[in-house]
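Every number here is computed from the coordinates shown, using simple stated rules; none is lab data. Predicted model only: the values in this text are computed from it and were never measured. Here Cβ is always computed from backbone atoms with ideal geometry, including for glycine, and neighbour counts include all displayed protein chains.
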Amino acid sequence: MYPVTAHPECGFVFSQTYVSAEELMQRKSKKRTILTGAARFNSKPKTGLAFLEENGLIYHDLSDEITRAQSLAKFLKSSTRVDKKLLGDFISKPENTEVLKAFFGLFDFREVCPLAWFMSIPTFNR
């Protein structure tokens with residue numbers, strides 16, 4: 001992302017370019033918005049989804065290849081602050097089947113032993 005060089009004496013890598021104060025403030029604001037959206041989703045999913053959509057954190061990447069369910073699933077998977085039990089309850093509802101499919105489509109199970117995968121299922125039943 002940024003050009004880097006190694007410091008000859010200590011081997012540390014230093015960036016030769018710096019992020020502007022404006023960009024840092026934008027990143028901080030976006031992070032705050034994500035945290036607020038996740039907190040609202042955790043308290044009431046519909047309210048949280050409305051907030052996330054209003055702030056362009058979900059559904060902003062829609063195209064012929066990316067559906068609403070995929071956009072939402074991508075956010076839910078990437079957000080570490082979303083309550084995992086609530087997430088499971090949300091995506092397992094019949095009206096959210098497409099989100100469930102999109103969510104599991106984000107995982108790569110090719111290298112997973114089928115027996116290990118099957119044995120892990122009880123960990124989701126909490």
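Based only on Cα atoms, what mean projected area does the convex hull of the stretch 20-124 have, in nm²?
Approximately 8.5 nm², given one-decimal rounding.
Give me the distance in nm between label points sitting 7 Å out from Cα along the Cα-to-Cβ direction at Ala116 and Asn55, one decimal.
For the pair Ala116/Asn55, the computed spacing is 3.6 nm.
How far, in nm, would the chain grow between Asp89 and Lys46 when pulled straight, counting 0.36 nm per residue and subtracting the alpha carbon separation?
14.2 nm
Just grab the label-to-label distance for Lys101 and Arg68, each label 7 Å out from Cα along the Cβ direction, in nm (one decimal).
Placing both labels 7 Å beyond Cα along the Cβ direction yields 1.5 nm.
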